[in-house]
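The next block holds one structure in the form of structure tokens; read it before the comments.
The values are calculated or read from the model by the stated rules, or taken from the named source; none is laboratory data. Small disclaimer: the values here were computed from a predicted structure and weren't measured. Here Cβ is always computed from backbone atoms with ideal geometry, including for glycine, and neighbour counts include all displayed protein chains.
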Amino acid sequence: MRILHSSDWHIGKKLYEIDLEADLVFFFENLIQIIQSKQIDILIVSGDIFDTAYPSNSALNLYYRTLIRLSNTGLKHIFIIGGNHDSVSTLDAPKPVLEAVNVHVIGGVPKTEKDENDYEQEIYEIKNEIGSTELVICAVPFLRERDIRINNSGENALERAKSINDGIKNHFSIIAQHVKRYKEKNIPILVTGHLFVAGSSNSDSEREIYAGNLAKIDSSIFDPVFDYVALGHIHRPQTVNKNPKIRYSGSPIPLSFSEREDKKMLLCIQTTESNDLEVSEIELPFFRKLLHFSGTFEDIKMKISKLQNVQISKDLCEVEIFEKQYIPDLINSVQQYFAELETIQIAHFKIQFAENNAGLDEFFDTTQSIKDLSDIEVFEKRLDNENIENKEDILQTYYEIKQIISQNP
Ligand SMILES: [Mn+2]
């Protein structure tokens, strides 16, 4: 049996103002080809299907079109779990319809009638032609605070982080207890989850998972009963603590300029005769690359003139121009030069002068757009302008309000 592990599709993502839909469409074509040529049986997508909780109609359209095409490839099952970017209700709404084509959606932790966690519903038996179980998949969606914390009154940030940690650990160990019965029959067990495990290296495009990234989970929470841990959240492909069986597949396309050097891949997990799992990497081609240039305008023009585009579409470029002295009208020359480029597309640029004349500082600060900052950075800058002592407390409260809003849309 062959299983493909992917995550963090972020359908609907824009980089500055550039829509990455074409990059995803290109990835989906490749994904379908790989599934067919390698005769994949099961696809697992470990969360962050959409970039936002309320995806646009065109993002939803791309998602459903892709699922239908995937289910026609010969795949036996598709598992989709919710990530921290996804809204549980958006993902779960079409669940009954998708279940009919063997697409299993676990947007949020399934609940019993009493609104308690229904762990058994996160466990799936994969059966062969004669009806015996040959693989078990545990699908744990991104765990929200309401799923894992019993009491959340009157704690400080550290106590809160600890209680989140304990809750996540507890959830995975209950799942491990539930599936031990399969281990006795030598059936391989795979678990998928969306969380930030300590010892992994992130890029700029993951949104903080819990307030201030306090809840970094130790990889020891994964019981040895799990033969493979398919993780989502980190966009850079990697093993966790050098364990080849605990992995982030990473996003299939670069989602920020900080990922411009990274490989993009899918992971293929194959069951062996002895019921072990073997993992291999399938590197993905790029629709276009992300480039970053910094230096004087003359330097940058030189670098760009040497570029040869080998991708399918024009590469996307981020440019930082630093000039020692103020050059009047530089912005117009830069804009004109960029508009005429045929090899690359400029996603974003900014200009900075080292030796400004008095007053110009303010003027050129406008090259930093509010769009370049996260809401937290904007809030921090606002706090910096006030002369307050308890900045950390206010920031913490801000995180908490954000968390509550994102969990109760
Ligand atoms: Mn993500």
Within region 58-68, can one find any residue that is within 16 Å of the ligand (Cβ to nearest atom), touching a Pro at 6+ places or on another chain (Cβ under 6 Å) and of a type in the set (A, V, I, L, M, F, W, C)? no
Strands (runs of 3 or more DSSP E) enclosed by region 227-317 - at least 1 residues per element that are within 16 Å of the ligand (Cβ to nearest atom), more than 30 Å from I331 (Cβ to Cβ) and touching a residue at least 12 places away in the same chain (Cβ under 8 Å): 228-232, 238-240, 243-248, 265-271
Mind checking whether some residue in region 179-202 is within 16 Å of the ligand (Cβ to nearest atom), modelled with pLDDT under 95 and out of contact with any Phe, Trp or Tyr (no Cβ under 9 Å at 6 or more places or on another chain)? yes
When the residues of region 1-27 are filtered to those that are within 16 Å of the chain's Cα centre (by Cα) and surrounded by fewer than 20 Cβ atoms within 10 Å (Cβ to Cβ), which remaining residue is farthest from the ligand (Cβ to nearest atom)? E21
Hits in region 1-22 (condition: touching a His at 6+ places or on another chain (Cβ under 9 Å) and not in a strand (DSSP E or B)): S7, D8, H10, Y16, E17, L20
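Conditions (1) at positive phi; (2) surrounded by fewer than 21 Cβ atoms within 10 Å (Cβ to Cβ); (3) at pLDDT 95 or above; (4) touching a Ser or Thr at 6+ places or on another chain (Cβ under 9 Å), marked per residue:
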| site | (1), (2), (3), (4) |
| --- | --- |
| P252 | no, no, yes, yes |
| E259 | no, yes, no, yes |
| S274 | no, yes, no, no |
| K289 | no, yes, no, no |
| K301 | no, yes, no, no |
| K306 | no, yes, no, no |
Matching residues, region 66-121, being closer than 19 Å to S6 by Cα, basic (K, R) and touching a strand residue (DSSP E or B) at 6+ places or on another chain (Cβ under 9 Å): K76
